[in-house]
Each structure stands twice: as structure tokens, then as C-alpha cells.
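For reference, the structure is listed below as C-alpha cells.
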Amino acid sequence: MLNTPESSRGIAPHHAERFPWKGIIGYVLSIILTGFSMWIGLTHAAQFGAAIFIILGLAVLQIFVQMFLFMHVTESDEGPPWQVLGLLAGLLFVATIVGMSMWIMTFNGQAS
Amino acid sequence: MPISHLSHWGLLVTGDPLIYGADVSILLVSVGIVFVLTYFKKWKWLWREWLTTVDHKRIGIMYLIAAVLMLFRAGTDALLMRTQLALPNEHFLGPSHYDQIFTTHGTVMIFFMAMPFIFALMNIAVPLQIGARDVAFPYLNAVSFWLFFFGAMLLNISFVIGGSPAAGWTSYAPLAGLHFSPGPGENFYLLALQITGIGSIATGINFLATIFKMRAPGMTLMKMPLFTWSIVATNILIIFAFPALAVALALLLIDRIAGAHFFTIHAGGLPMMYINMFWIWGHPEVYIVLLPAFGVFSEVVATFSRKTIFGYKAMVSSMLVISVVSYFVWAHHFFTMGGGVSVNSFFAVASMLIGIPTGVKVFNWMFTMYRGRIRMKMPMLWTIAFIPCFVLGGASGMMLAVAPVDYQFHNSYFLVAHFHEMLIGGVVFGMFAALYYWWPKVFGFILDEKWGRWAFWFWNIGFYVCFEPQYALGLMGMQRRMYTYPAGMGWTALNFISTIGAFLMGIGFIFMAGGIVYSIFKGERDLTGDPWDGRTLEWSLPSPAPHYNFAVIPTITDRDQWWTLKEQGKQDTLRVRAEDIAPIHMPKNSAKPFLVGLAFFVAGFGFVFNWYILAAVGLFCVVILLLARSFEYHSDYHIPVDEVIHTETALGRL
């Protein structure tokens, strides 16, 4: 019985309600990070190469904000930590997609 | 935008008799449905039992119905194309109409036939196989279905309102960009796929969570049925591949409706990047639809050979290897782009490597059959038909993987024949095997064998007659997506034969549908719940399974749990005892998933025609519904013990 994860919602009423500081901080941080990269993009405050570099850096920070403040990456109950395995697989696939797309799109000097 | 000042009638009045025919038939069918529902007073029933359901079994049935209807719709497209190509210089379809038809044929077959079919099987079989009462997130499951459903509707109305997409199912930039494809057609494609794609990602997460967290006690990963394992591999692919498609579609949409230049030719756009991103999703997608079929074959072969599967561990590891390696092969779809020797060599070798785990699986199925007591029932027939077809298609795939030779085959009918051999011979045959295999579990009666065999032979003979000539046509220089061809190319006879094959498959479909109708009235009822002498947990339940699936969650000790218990004569250990029954915790039905789908449909329709107020209204409704859901605290209930006992007694299990 009670093997649907949704069960927690109805069975344990929200008595342990605290102020969601984590969520608020994450929300503000993600707005700041997004706003800053948008500002760079719109105002051309940095040169093209530098702007790309800064925006990529901000994007990586954004990933950490999302994972630690919203996505429960540090939490786990009994059983294997599936989310860590998932992250590792994600890392492999993202590295593949980004790296290989760049490799393919250079056309090895044949075009452009 | 050129679309906004089209008169409203211009959207509907196109002057093409085929489209008027479609208008009229859609109208007649809609009126017919409304009439039947009203006459039999079924509106409330439809709303309460189906549209608001969160039960995985019912969602599975709805996916199944949608998939079969879409098979019919896109199959009709195929027959129209083959009619046009039967003879040279035909004028049955004009060039732009032909473009629209091959585009919708491919799009519907992949997104609205193959995908819902595998989702149907996941929903129908996985919770029952792992001893769960529903999926991890039943509400999300319903959201996924309705996003799929309304995405499919959005694409399907394009034919009669505003014009279908016509840039191929791959919708390559720059052809699909605003410059070469003005009008709402491409927008329909982009938004329909975007909406249905959100649902697909959610389903991937949902079923992975279900399988990892909700297995019955004792069912370790290596005791899971192989179909469930295939769904694990599939969902890993869905989770990592579909976002790539979502991004590609979103960027192209921004290009089209907001004047950006991601994929345009001028202003620094990079059209090849769209093709690259499309296939980052596109190649894993092939395995997303194929791996569940592999899972089905594994179940069917073991059951109908009365043997445990040969090489279980090899089967599991080969599926996982496929799910990873299929990520490293996407550039073989555009060898001719000129990526250079090193790029093409890498992707050619990776593509060939995939043949190894696939070959392992084919051998394991054959070794399972070896010295088995094989029963030639419908699911087994489809499985046996799959093997030669798949091996042929695999061999031509190996030829296509050789990069230098691919310059010759690329985008010719050789390729068309190859991928139809994989997707029909692999996926569709697998889905049909599953249809006949799990049908009694879902509906409580067995599909008629005689009708099934007629359908089987028409499909199979039709398949080879249709597609084998296309290999030759490709080598003779016929390119895909040609709407006609001149006489005197030497292509006429082969094209005519191919068209005959297509119609044979059409007859096969009619026999299949006829068999379903016949079986509804006269089919053998499945009173035991175990019509095939099955091996896995779902066959220990009555057919159809009660709402809560398992009155008492079983404890698993063995890979083929149900088979082992039957061998030892201990089926009674899974019998329900009244004292073990406790109140069963279940999710409540909800109207919100349906409404979320509808709101996305409205938003999508607004974006298609650049009617941003409508789009904003739709998206606003989505947000409101999400908020309403997050403040919903009583989304579940308990089935009291008395009711469970009553149900189980009525099923004769107490």
C-alpha cells in the first residue's frame, strides 16, 4: 500500500511548513543571472568573444542554482542515488552534443 | 506577417476537391460522434470515465486508439502517394499537395503513431509487470496524454485550416524557414511537435521513476521482465534526446515568428545547425520506438516457446549499450553535408557498432526458440516475421553506414526502403505483436486468430512487394520526395509493383480492423487472465485488471515469477486473502490534464497564425491551471477494504 509517491501529499498534511527560503533565494539568483546575461546581450557591454564567454559562465552558474536550490540534488532516501547517475549520464550526453556539434560544424576546412 | 491578412474563408476554401472531401468527412464524423454520444447519453460517461481519468490502463487504451487511428490516417497518405507514383506523369496529386502529404505521412507516423503506440504499451504493461498500482505520477501521466492528443489535433487540422506543412517530416532549414515556406503550415508542424514533445519528456521521467521506485518487493533490477528493461532504455533516450528536438524546434519557430536568424542563410544563420540538432534527437528517436519492440519480442518469444529467455543479461546489457551508442551516430544522416573525413569516419564506425548489440539480440531470440515448444499464435507470428525483415533492413543499414557509398544512396529510394524496413518490419511488427499479446489483458477478450492471419499475410506479402523494389529504384537513381517521374527511365514497372504492395498492406489493415470489430462481438473471452500461459506478473491478474491492479502487492522471488509459481503449482501464493487487504491508496481523477492540453492547443493555434492575443490567453490558462494544481491538497483517496473485497469476490479471486 501507499506506493505512489504522490501519497505523501494527502497522508502527511503540510504541518512541517517553513518559509521557503531556498526557493526565494534561488528565484532571486536566477533572475539576477538571467538579467545580467540579457543585459550583456542587449547593450553589447562586452566584445563578442568575451560576451559569449561571460554568458556561458553565467549559464553554468545557473545550472548550479537550479540543481542545489530547486532540484533536490543533495537529497536522497533509501536506495541508490539515481539522480547522481542521471546527472553523470546527462554530463556525458551534453559533452557529446556540444563537443561533437562543434567538431561537425567546423566542416574540417572543407567549406566556408 | 503575410498570414494575418488572409481572409478567414481563405483558410478553408482552397479549391482542391480532396481537401473539400476531407472537410466534409471531418464534419460528418464530428456530427456523428456528437450524435452518438448525445443519443446514448454518454457525455457524462465520457467525461468521468475517460477524459478525466488518471488510471494508467485507461490512458494506455486512449493512446492505443489514437495510435491506430493515426496509423489509418497516415497510411491513407501513403496510399495517396503510391497512387500518384504508380505510373509516370500522373496528375492525381499536384506537386505542392504531394509535398504536404509526404510531410504529414512521416510526421504523423513517427510522432502520432509510433510514439503513442509505445506509450500505450508502457502504460498498459509496465505497472502490471512490476507489481505497481499506477505510475509514479498519475496526474502527470494524464497531462502527457492530453498534450500528445492536442498536439496531434493541431497537426491534423492543418490540412483543412491554413494548409499542411510541406518541408518534409524533418522540416530542414532553410526550406522550412519563413522565406521558403511562408504561411501557417510549418508553424503547425513546429507547435504540434513542441506540445506533444513536452508530454513525451514527462512520460520518460514518469516511467523511469515508476520503474526505479515502485517495483514490488523482491524485484531487483535483474529480476525485471525484459519489456520493462526495454522501457528503461527507451526512457533514458527520451529524457536526453527530446530536449534537443525541443530546442531545435523552438529556435526555428523564433526564426519564423520573431524574425531571428538562427537557421537562415543570410545574417549569420547556420541552416546546417538545424539539421545537426534535429538528428541529435532523430537518431536516438529511432531507438526510442525500436527498443520497446525489442522488449515485446523478448516477452513473446519466451512465452510462446515456453522457455526462459536465452541470455537475459546479454539482452539487458545490449539494450543499454544501444541506448548509449545510439547517441554517437547522428551525423550518419548527413554524411553528404561535407563534414570531412574524420567526422564521417567516426560516425560511420559508430553506426556500424550498433549492429553488434542488435545482432546479439536477434541471436538470443533465435536461441530462445531453439528446441522450444513453439506455439504459432498471432504475437509469435509477428515476431517471427520481424526477424528476416529486420535482418534485411539491418544489412542495408550497414551499407548506408559506409560513408563513401552513402554519397550514392543518400536520399534515394534505397534509403526510403531501408528505413521503412526498420520502422515497419521492426517497430510496427513489434507493436502488432504487442497488440495481439496484451489485447486480452486490456480488454478481456482474445483477438480472432483467423482474421489476424489474413491481416498478417496481407501485411507481410504487401510489405515485401512494396519496399523491395524501392531498393532497386534507389540504385537506379530515383530520389525520395519526387512527386512524379518521366516515362522511359525504366522505373515504371517497379513503381507499379511497389504501389500494388502498398495496397496489399492497406487490405491487411482492413483485416486487422475487421478482426477487432469481429472479436468485440464474437472473440473468445479471456476468463483465466492468463490466455497465453504467460510468465510475468501481469498474467497473474484477471483480464482486465481491476482499477487498483493488485489487491495485495506480491513479493517477487524469481525472474519469471508467474511461470515459476505455475511450475511449482504454487499459484495460490498470489491469491488474495481477505485478512491481507488494507485500504488502497489511489489518485483522484482530475479535469485539469485535459484542460492543460486544451489550453496548450489554444496557445499553439494562436502562435500558428501569429494571433498573439489568443496565444497569450492560452498560455495564461496554462499558468492558472498549474497554479490551481499546486494548491490542490486532496488529490488522492483510499478504496475501503469492503470495496476491494467486493471487487475481488466478483472476480472470483476470494
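For this structure, a couple of remarks:
- Residue pairs meeting the criteria (Cβ under 9 Å; at least 6 apart or on separate chains; first free of Cβ contacts under 8 Å to residues at least 60 places away in the same chain, in the stretch B:312-323; second in a helix (DSSP H, G or I) and small (G, A, S)): B:S318/B:G359
- Filtered residue count, the stretch B:48-71, keeping only those that are more than 21 Å from B:H585 (Cα to Cα) and under 17 Å from the mean Cα position of the chain (by Cα): 11
- Residues of the stretch B:170-191 that are farther than 11 Å from B:L252 by Cα and either of a type in the set (V, I, T) or touching a Phe, Trp or Tyr at 6+ places or on another chain (Cβ under 8 Å) (or both): B:T170, B:P184.
- All told, B:I322 falls short of being crowded, with 21+ Cβ neighbours inside 10 Å, touching a Ser or Thr at 6+ places or on another chain (Cβ under 6 Å) and either basic (K, R) or more than 14 Å from chain A (Cβ to nearest Cβ) (or both).
- Flag for B:A74 being within 14 Å of another protein chain (Cβ to nearest Cβ), among the aliphatic types (A, V, I, L, M), assigned to a helix (DSSP H, G or I) and touching a Phe, Trp or Tyr at 6+ places or on another chain (Cβ under 9 Å): no
- Per-region count, the stretch B:251-310, residues over 30 Å from B:G359 (Cα atoms), surrounded by fewer than 24 Cβ atoms within 10 Å (Cβ to Cβ) and out of contact with any Gly (no Cβ under 7 Å at 6 or more places or on another chain): 16
- A count restricted to the stretch B:273-299 and to residues that are within 14 Å of chain A (Cβ to nearest Cβ) and farther than 18 Å from B:V325 by Cα stands at 3.
- Test: residue in the stretch B:464-476 that is among the β-branched types (V, I, T), within 27 Å of B:I65 (Cα to Cα) and in the same structural domain as B:W438 (by TED's automatic domain parsing): no
- Flag if B:G462 is within 25 Å of the chain's Cα centre (by Cα) and in contact (Cβ under 8 Å) with a residue 60 or more places away in the chain: no
- All positions within the stretch B:472-483 that are more than 30 Å from the chain's Cα centre (by Cα) and either touching a residue at least 60 places away in the same chain (Cβ under 8 Å) or in a helix (DSSP H, G or I) (or both): B:L475, B:G477
- A single entry from B:T210, B:T228, B:T234 fulfils the requirement of being closer than 22 Å to B:M315 by Cα, assigned to a helix (DSSP H, G or I) and touching a Lys or Arg at 6+ places or on another chain (Cβ under 9 Å): B:T228.
- Some residue of the stretch B:196-204 being under 30 Å from B:G311 (Cα atoms), within 14 Å of another protein chain (Cβ to nearest Cβ), touching a residue at least 40 places away in the same chain (Cβ under 8 Å) and of a type in the set (A, V, I, L, M, F, W, C): no
- Scanning the stretch A:63-109 for residues that are within 11 Å of chain B (Cβ to nearest Cβ) and more than 25 Å from B:Y327 (Cβ to Cβ) yields A:D77, A:E78, A:G79, A:G109.
Quick grid of which residues meet (1) more than 25 Å from the chain's Cα centre (by Cα); (2) farther than 17 Å from B:W279 by Cα; (3) modelled with pLDDT under 95:
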| site | (1), (2), (3) |
| --- | --- |
| B:F390 | no, yes, yes |
| B:F409 | yes, yes, yes |
| B:L415 | no, no, no |
| B:H420 | no, yes, no |
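The values are calculated or read from the model by the stated rules, or taken from the named source; none is laboratory data. Model, not experiment: these values are computed from the prediction. Because the Cβ atoms are built from the backbone with ideal geometry, glycine has one as well, and the counts that use them run over all protein chains shown.
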